[in-house]
Structures are given as structure tokens and as C-alpha cells.
Amino acid sequence: MSIRNSLLALLERGPMHGYQLRAAFEASVGGTWSLNIGQVYTTLSRLERDELVAALPENDEGQRPYEITARGRTELNQWFATPIDRADRPRDELAIKLALAMTTPGVDLASVVQTQRVAGIRALQEYTRLKVSGGGDPDDPSWLLVLEAMIFQTEAEIRWLDFCEATILRKRTVPVPKTDAPVAARQTGPKVAGA
Amino acid sequence: MTVLEFRDVHRTHGDGESAVHALRGVHLTVRPGELVAVMGPSGSGKSTLLNLAGGLDLPSHGEVLVEGVALDTLSHRGLAEVRRRTIGYVFQDFNLLPSLTAVENVALPLELDGTGIREARRAALSALGDIGIADLARRFPDEMSGGQQQRVAIARALVGDRRLVLADEPTGALDSQTGELVLRVLRDRVDAGAAGLLVTHEARHAGWADRVIFLRDGSIVDTSGPLASVTDLLEPTP
């Protein structure tokens, strides 16, 4: 996630100092992501070094507002015009973890899946609660957009876990010896944590 | 006070070697103001659990209590009364009566229970309004889309003083926006003091619940309660 470009986008609304930028950022994401003020100032000084923003004179409270430069505006437009490359995102740690769990002796893959599924459901419960309580500014629906993105991502992860369980895990179950017992009584299925 | 309680509930179909164990020793309580979602793969016992909660089926062993009364101790008439007064159902097939308008369909359970027609209609209209379809009150089922019929069915399930609302994939026929509206209505009703049991395979819908239970092969294998704080879930600052 580019804090750099986020700050440029916020400065496009007009000059702001660090604390104002932090508040505006958090309002935009509905409190789903908090920035620390140190990060804001570090990023601002880099943006100033690269001539993407310019510092204005300090106000009476000793706070220094920044404004976006023409060069900064070009960079911002470039950001909005360019899709985010999937290869630039962090590798999916969960997929790697499950792949390793499949091949590591003594690891109960079904438990790993279920633990992750419960964590996902809990996340969805909390996101939904935040959505219902209207955590963000009702006049600014951008926070809802961020929250929905997190809901969709979590939902996708849980669907993928369901898929893994239904397909890959089934293949790993120990073959059941042939008996005359009916199928229903022989179904073993994947073992699940807490069963 | 518990609205719904399962005490070591088993449900077996058939016997001997061909017996199918739909539920095996389920314990569950749902209190007023609590919405519990049930998740699990097909055949895990979700629908059996819901049918038992609604008195549409009885356990082979154990007890199902609604407001402290074991459903298997009730007469046929007593059970019908509990189903009519206390329990609201939203099932996948909406089962509206084709010869009645939307408002008449919603008012019907109240009228059957002795409420005067005028009062029943007023309550029905208000229930339709809650779910955003008061303007469809005079339409017949065949004059409505599937989604609209489902919303009427939901209004019917929630009308009057239902203390236990049972929902089986209640948003199946609905687009995502209307589906969300339905869940909001369900959530509001539960927040106002009802107890709710929601069977769903959609994780997103389970997110509306206070607690999510996972069924596998007829047993509850896991439960997810809410976390104490949303901050545990927020993305770490980079």
C-alpha cells in the first residue's frame, strides 16, 4: 500500500499539515487502518525531497502545511491510471503455509484449514459489526469501500479454504478398507480441530 | 432465559446398519438478542438442526426446548401454537399462498392466531415497510419477482411477536444488495430481543451473527465467537 500516493491524493484536496493528513487518511479508510504520525512526517519529507510536495510557512500553532506540486500531481495521476500489479503484492503466506503443511510430516492439514477459517469468520463478524455501527463518516462512503474490500478478500479466502478442504484434503484421507458396511457409516472425512 | 436449547440431540433416520445419523449429540443454546449462524458442508446436519429447532421434526434422542418447553412433550395442537406464535421461519422456498396479496400473506399467521383483521393488516403493513416493500402490499405472488416474494416471506416470518427466528439461506433468491437488507432486518429483530438461528453456506452472511457454529457429520466441531476488539484485525501499519 502506498502511503506516499495516499498523501498526495489527500493534498490534492488542498494544503494540510501532518496531523490533518493523518485524520483525513483515517477518515477515508473508516478507521480500518491507523497511521502513526511519524510515518506521515517521514513520508512528507521524502515527498518534499522528490519535489512532489512543497512546505508552506508554519502557521500560528507552529504546524507546517504542505501543498502538492505540479510534479506531484503528475505522479498522482500516474498512480490512478496504472493498475496495481499482482506481482508487486506480498506473496500469499497462507497458500505457502498450506502447501508446506501438506508435505510436512505430523501436521494436521485439516486443523490448519479450520483454524484459518474460524479466524476468517471472526474477522467477518467484526467487519460486519463495524459496517452496521457506521464506523466511518456517513457523508464520506469511502470508508465503506475499504471495509467491503476487506470483507470480499476474507470471503474469498474462506471460499478457497472450503475448496481446499473439499478437493485436496479429501484425496489425502486414508483409504478405508473395503467392508460390507454402508457408505454413510464408513465416511471418515477430514478430521477437524476440536472434533 | 434461553429461547432455544438443544440438549444432547440426536436424529437418526432408519435403523440397524442402514441408519443415517443426521445429528449426533448436539448441545446448543440461543439467548434473546443472539444471532447464531450454522455453517457446514452439505449433509453435515444444518437443515436437520433447523427443522428440529422449529418443531418440524423431533429428535430420536435428547430434547429441544423453546422458551423452556420441550417440544416433544407438546400435543399436536400445542406444537402448532408454538410454531404459529413464537417461531418465525424463513426458508429457501417462500411458500406464499398464490390467492392472497402480499399484505394478506403476511397478516395470515396473526389472523389464524385470533388477531382482528384490521390489526393484523396494520402489523403486516408495518412488517412489509420494515423490509422496504410496503408498496408491494396489494400485489399477488405471481405479480412479483422471486426476490420480492422472498422479502414478503421474510416479512411474514418476522410479523408479530416472534421470539425465535429461523432462517435457512434466507438470501438465496436475492441480489446482494437486497440480501444485505434482509440480514439487516434479521439483525435488527434480534437486537430488539428475538433469538435467531441462521443456516448459511456464505461466510459473508455468517459475519452478521454473534456466534458461528460449524457442523461436520452431525456434530458441532467448532464455534467462533466475536473477538473482543476490531483492532486485532486491522492491517498492521507497514
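The values are calculated or read from the model by the stated rules, or taken from the named source; none is laboratory data. Note that the structure is a prediction, hence the values are computed from the model and not measured. Positions of Cβ are backbone-derived with ideal geometry, glycine not excepted, and every protein chain shown enters the neighbour counts.
If B:D175 satisfies all but one of (1) buried (at least 19 other Cβ atoms within 10 Å of the Cβ); (2) closer than 25 Å to A:E155 by Cα; (3) in contact with a Gly (Cβ under 8 Å, 6 or more places away or on another chain), what's the number of the condition it fails?
(1)
Which residues, counting only those in region B:112-123, are surrounded by fewer than 18 Cβ atoms within 10 Å (Cβ to Cβ), under 17 Å from B:L97 (Cβ atoms) and free of Cβ contacts under 8 Å to residues at least 24 places away in the same chain?
Of everything in region B:112-123, just one residue is surrounded by fewer than 18 Cβ atoms within 10 Å (Cβ to Cβ), under 17 Å from B:L97 (Cβ atoms) and free of Cβ contacts under 8 Å to residues at least 24 places away in the same chain, namely B:I117.
Condition first: under 30 Å from A:L124 (Cβ atoms) and of a type in the set (A, V, I, L, M, F, W, C). Now tell me which residues in region A:8-39 satisfy that. Lay out the reasoning, then the answer.
Restricting attention to region A:8-39, the residues satisfying the condition of being under 30 Å from A:L124 (Cβ atoms) are A:9-10, A:22-36, A:39.
Those that are under 30 Å from A:L124 (Cβ atoms) and of a type in the set (A, V, I, L, M, F, W, C): A:A9, A:L10, A:A23, A:A24, A:F25, A:A27, A:V29, A:W33, A:L35.
Starting from region A:154-168, take each residue that is under 15 Å from B:S42 (Cα atoms) and list its partners that are in a helix (DSSP H, G or I) and of a type outside the set (G, A, S), counting only C-beta distances under 7 angstrom and pairs at least six apart or across chains.
Matching pairs, first to second residue: A:E165/A:V113.
Taking the options B:A22, B:A37, name whichever one is within 14 Å of chain A (Cβ to nearest Cβ) and more than 30 Å from B:L136 (Cβ to Cβ).
Working: B:A37 fails: more than 30 Å from B:L136 (Cβ to Cβ).
After ruling out the rest, the residue left standing is B:A22.
I'd like the full set of residues that are of a type outside the set (D, E, K, R) and either closer than 13 Å to B:R7 by Cβ or in a helix (DSSP H, G or I) (or both), limited to region B:70-80. Write out each step before concluding.
Kept after step one, since they are of a type outside the set (D, E, K, R), are these residues of region B:70-80: B:70-71, B:73-76, B:78-80.
Across region B:70-80, the qualifying residues are B:A70, B:L71, B:T73, B:H76, B:G78, B:L79, B:A80.
Does B:V90 qualify as being surrounded by 14 or more Cβ atoms within 10 Å (Cβ to Cβ), aliphatic (A, V, I, L, M), at pLDDT 95 or above and under 14 Å from the mean Cα position of the chain (by Cα)?
On the way: surrounded by 14 or more Cβ atoms within 10 Å (Cβ to Cβ): yes; aliphatic (A, V, I, L, M): yes; at pLDDT 95 or above: no; under 14 Å from the mean Cα position of the chain (by Cα): yes.
The answer is no for B:V90.
Could you say which residue among B:V221, B:V165, B:V212 is among the β-branched types (V, I, T), surrounded by fewer than 23 Cβ atoms within 10 Å (Cβ to Cβ) and closer than 22 Å to B:L52 by Cβ?
Details: B:V165 fails: surrounded by fewer than 23 Cβ atoms within 10 Å (Cβ to Cβ); B:V212 fails: surrounded by fewer than 23 Cβ atoms within 10 Å (Cβ to Cβ).
Exactly one residue qualifies, and that residue is B:V221.
Sort out which residues of region A:49-83 are more than 27 Å from A:L144 (Cβ to Cβ), without any contact (Cβ under 8 Å) to a residue 24 or more places away in the chain and out of contact with any strand residue (DSSP E or B) (no Cβ under 6 Å at 6 or more places or on another chain), and write them in order of number.
A:R49, A:D50, A:E51, A:P57, A:E58, A:D60, A:E61, A:G62, A:A70, A:R71, A:T74
Every residue, every condition in (1) in a loop (DSSP other than H, G, I, E, B); (2) closer than 21 Å to A:A23 by Cα, yes or no:
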{"site": "A:W33", "(1), (2)": "yes, yes"}
{"site": "A:Q39", "(1), (2)": "no, yes"}
{"site": "A:T43", "(1), (2)": "no, yes"}
{"site": "A:R46", "(1), (2)": "no, yes"}
{"site": "A:A54", "(1), (2)": "no, yes"}
{"site": "A:N59", "(1), (2)": "yes, yes"}
{"site": "A:T74", "(1), (2)": "no, no"}
{"site": "A:F80", "(1), (2)": "no, no"}
{"site": "A:P83", "(1), (2)": "yes, no"}
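Conditions (1) of a type outside the set (A, V, I, L, M, F, W, C); (2) touching a helix residue (DSSP H, G or I) at 6+ places or on another chain (Cβ under 8 Å), marked per residue:
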| position | (1), (2) |
| --- | --- |
| B:M1 | no, no |
| B:R7 | yes, no |
| B:H13 | yes, no |
| B:L23 | no, yes |
| B:H27 | yes, no |
| B:P32 | yes, no |
| B:V38 | no, yes |
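A:G136 passes all but one of (1) farther than 26 Å from B:L23 by Cα; (2) within 14 Å of chain B (Cβ to nearest Cβ); (3) at pLDDT 80 or above; (4) surrounded by 15 or more Cβ atoms within 10 Å (Cβ to Cβ); which number fails?
Only one criterion is unmet by A:G136, namely (3).
So, in region B:124-154, exactly how many residues are out of contact with any Lys or Arg (no Cβ under 9 Å at 6 or more places or on another chain), part of a helix (DSSP H, G or I), in contact (Cβ under 8 Å) with a residue 12 or more places away in the chain and within 18 Å of B:S99 (Cβ to Cβ)?
Total satisfying the criteria: 4.
Which residues, counting only those in region B:180-223, are in contact with a Leu (Cβ under 8 Å, 6 or more places away or on another chain), more than 10 Å from chain A (Cβ to nearest Cβ) and part of a loop (DSSP other than H, G, I, E, B)?
B:A194, B:G218
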